[in-house]
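See structure below.
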Amino acid sequence: MVLRLNRSSTDDFILLGIFSHSPTDHLLFSVVMLVFTVALCGNVLLIFLIYTDPRLHTPMYFFLSQLSLMDLMLVCTNVPKMAVNFLSGRKSISFVGCSIQIGLFVCLVGSEGLLLGLMAYDRYVAISHPLHYPVLMNQKVCLQIVGSSWAFGIVDGLVQMLVVMTFPYCNLREVDHFFCEMLSLLKLACVDTSLFEKVVFVCCVFMLLFPFSIIVASYARILVAVLRMHSAQSRKKALATCSSHLTAVSFFYGAAMFIYLRPRRYRTPSQDKVVSIFYTVLTPMLNPLIYSLRNRDVMGAMQKGLDRCRIGSQR
């Protein structure tokens, strides 16, 4: 592996990208960059508010801060390189750069998928067992949940990166994507990768369906608990909190399942590239908006921060 990382520029990969230089694609590129900017600012702001406002030092917001950190890293893994290639006219990416993209992408998608599933369990405990919530979701448990999510993603990312980048690749190194997406890269291998692709498919089934099953089971129990509530206001608050999580989950899992759980014969590069935009750029933008604009605590922390800035500027 060390020898392969010391490759010359002749072994660089070519990213064909998603945009041409037509007026329409220039407009679409501008939209993507606007979404990227909003995702960048939104996640940084949400992390800042959660760590600076004592009222947000609760398990739910701790998980949200980690989700925002994952989204922030995910959106910065692929979009800047895509933008540089589009604006400069160069489409190459080094062997090392491609390795890093694959490792980070698999790590972050895997970690975020598992964290979203465990966040559903957190909401179930909060709504169905509110009296036991401080005990069941204590600091140690929260750290274990977040730590297991990161550990699972890191191990998965490292393993898949090392395996994919040890395959020999043919002279035509054109990756039909806007980043080094693993399945697109495997098409360029000079050896039979069908066994590894089957292993990857099984891993994707586990990575997507296992946390998704936790979400379904948790929210089924949450729905039963909510329907048993006597207070209409309590039901409304519980449903509002859960609907935010379900919206984020729908975008993330919907796009990821469409990409990785379809049979290979139904996959097309154009569809994969468009759908990839959803969970690499759009979802990282929507998560902070969903969890902040629909959350009174976060909006209160934001207003408190603005008031401090206003008072400070008047002095």
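The values are calculated or read from the model by the stated rules, or taken from the named source; none is laboratory data. The structure displayed is predicted, hence computed values, not measured ones. Every residue, glycine as well, gets a Cβ built from its backbone with ideal geometry; the counts of neighbours run over all protein chains shown. Protein only, heavy atoms only, side chains kept; ligands, DNA and RNA dropped before computing areas. Shrake-Rupley method; radii C 1.70, N 1.55, O 1.52, S 1.80 Å.
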Inter-probe distance in nm under a simple model that places probes 7 Å from Cα toward Cβ, at S231 and L162
5.3
Treating only the Cβ atoms of Lys and Arg (+1) and Asp and Glu (-1) as charged, compute the dipole magnitude of the chain about its Cα centre; round to the nearest 20 debye.
840
Lys/Arg Cβ at +1, Asp/Glu Cβ at -1, dipole of region 21-290 taken about the Cα centre: which of Y260, P134, V109 is farthest positive-ward?
P134
Rounded to the nearest 20 debye, dipole of region 182-278 from Cβ charges on Lys, Arg, Asp, Glu
360
Quick one: ranking R90, R228 by accessible area, 1.4 Å probe, largest first, what do you get?
R228, R90
Lysine pairs in the chain 8 or more apart or on different chains: how many have alpha carbons under 27 angstrom apart?
10
Roughly how far apart, in whole Å, are the Cα centres of region 161-227 and region 81-148?
15
Once you have all Cα-Cα distances for the chain, histogram them in 10 Å bins from zero and send the whole-percent values.
5, 24, 31, 22, 12, 4, 1
Using label points projected 7 Å from each Cα along Cα→Cβ, tell me how many nm separate L27 and T247, to one decimal.
2.7
The relative contact order of region 21-290, taking Cα pairs under 8 Å that sit 6 or more residues apart, comes to a percentage of 28
Please give the FRET efficiency for Q271 paired with A151, using the beta carbon to beta carbon distance and R0 = 30 Å, rounded to the nearest 0.05.
0.40
Given the Cα atoms of region 15-151, and with Rh set as the inverse mean 1/r over their pairs in the Kirkwood sense, what is Rg to Rh to two decimals?
1.09
